[in-house]
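Worksheet: one structure, shown below.
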Amino acid sequence: MQKITPRQIVLLGVTYVINITMVNMPGQVINTAHQHAYLSYILAAAVVLAMLFFLTRSSMRFPGQDLFQSLASRFPFIGKGIVALYLLFFFMILVRDIRIMADFTNVVLLPITPILIISLCITATVIYIARGGARTLLGITELYGPTMIVVVILMPIIVLRDFDFGWIKPLFFVQWKGVAEGGWLSISYIGQMIILPFIFSSKDFKYKYGLYAMLISLGILTILILMTILLLGVHVAGRMMYPSYELVRQLRITDFLDRFDLFVVALWYPAVLLNMAISLYIVCYGLKSVIPSVSGKMMAAPVGLFAYSCAFWFYQNSIELFQFNREWTVIALFFIVVLPLLIFAIHRPAKA
């Protein structure tokens, strides 16, 4: 991977967390945590940041290598096994995201187009981006990352007059059981941040960059979920599949821009494709770490097409995918909490 900047690392972390989380999580989190849904994000982020610290410390064992490389080279059997497990984890994320976006596009944007055609177009675009390698991913991230951040910051200003602050009351009566359940649902999405030390060496990646990325992600997700509650209400938003899109539909700038949602979706959709391309790149990059003779660029197409097939093999419909989020957290915690602790135990820097 070419020399990168802290700004690129932060933007990549933000992009990889927010784009799918903002479309798939708000309804379920609001349904459990109600007006304090943003606390669920904070709870999940605290756990992820702790695990990110352990992974960052582990990556310092070999400063010139990322965790994929150092684990595979230091532990020929156990290390490559851990890398293979993480590749399976991020492959499942890719499969999930392809299915999510295919259903979202079919339901919201292109209801007449067959969903198989939609998902095939999505997969082909993702493969094309991932084949460009790290340079392409970082370039697109620098383009769409700041744009999405600016748009989200401007959104509350546009709809401020329509906010109903009664929806966030009682403000200080927190149902912690519901908040914890919302954190349980969202940690698998926010936990994707742990990928940073796996693809960036400790010479490039510092813990503070992950912290900055997480804080920006939390800020964006908090703004969006609070806006959703203040505009749609807890009871309505908690029963919607895509409340964030309904939120965007409420944005109107005079009569001339009464379909401002088309502009926002046009910005957001390529960022989601980038999100899936990052997952595909991670899988192909990790495969090359385990099997050096394999070309990561050449593996993009077969891995992407296999993920396309699995998206419809694993999930019959979007309702099944949403319901699986509870069970998916059990699987994700193994990769977000258990394996980082194991890696730290066997791979932490030697004491001087």
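Annotations
- Average accessible area per residue (Å²) across region 256-325 - probe 1.4 Å, nucleic acids and ligands excluded: 46 Å²
- When both region 191-239 and region 155-177 are represented by their alpha-carbon centers, they are found 19 Å apart.
- In this structure, the residue pairs whose Cα-Cα separation is over 19 Å, taken from Lys80/Lys288; Lys203/Lys297; Lys177/Lys208, are Lys203/Lys297; Lys177/Lys208.
- Positive-pole candidate from Ala50, Val265, Ile190, dipole of the chain, charges at beta carbon: Ala50
- Sequentially through region 280-289, phi angles give Karplus couplings (6.51, -1.76, 1.60; θ = phi - 60°) of 5, 4, 4, 5, 5, 5, x, 4, 5, 5 Hz, Gly and Pro residues having no value and appearing as x.
- Residue-span extension gain [Phe173 to Leu215] - 0.36 nm each, minus C-alpha spacing: 12.6 nm
- Largest to smallest accessible area among His347, His34, His235 [probe 1.4 Å]: His235, His34, His347
- Choice from Phe173, Phe322, Phe314 with maximal GNM fluctuation in the chain (Cα, 10 Å cutoff): Phe173
- When nucleic acids and ligands are ignored and a 1.4 Å probe is applied, Ile346 ends up with an accessible area of around 60 Å².
- The chain - charge dipole about Cα centre, Lys and Arg +1 at Cβ, Asp and Glu -1, debye rounded to 20: 1280 debye
- Gaussian network model of the chain, springs between alpha carbon atoms under 10 Å - residue of Gly81, Gly191, Gly13 with greatest fluctuation: Gly81
- Here the accessible area is traced with a 1.4 Å probe on the protein chains. For the chain, carbon and sulfur cover 69 percent of it.
- In the context of the full set of protein chains, residues of region 40-160 present 41 Å² of accessible surface per residue (probe radius 1.4 Å, heavy atoms only).
- Rounded to the nearest 0.05, the FRET efficiency derived from the C-beta distance between Ile112 and Phe263 at R0 = 22 Å is 0.45.
- Length gained on full extension, Thr125 to Phe314: 65.9 nm, using 0.36 nm per residue less the C-alpha separation.
- Cβ-based charge dipole, the chain, positive-most Cα from Leu94, Val234, Gly210: Gly210
- Relative contact order %, region 7-97, counting alpha carbon pairs below 8 Å whose residues are six or more apart: 13 percent
- Residue among Glu246, Glu327, Glu181 with the largest mean-square fluctuation in a Gaussian network model of the chain, springs linking Cα atoms under 10 Å: Glu327
- Spacing of the two label points (7 Å from each Cα toward its C-beta) at Ala345 and Val330, in nm: 2.2 nm
The values are calculated or read from the model by the stated rules, or taken from the named source; none is laboratory data. None of the values given here were measured: they were computed from a predicted structure. In this analysis, Cβ positions are derived from the backbone assuming ideal geometry, glycine residues included, and neighbour counts consider all displayed protein chains. Heads up: the accessible areas ignore ligands, DNA and RNA and are worked out on the full protein's heavy atoms, side chains in. Shrake-Rupley method; radii C 1.70, N 1.55, O 1.52, S 1.80 Å.
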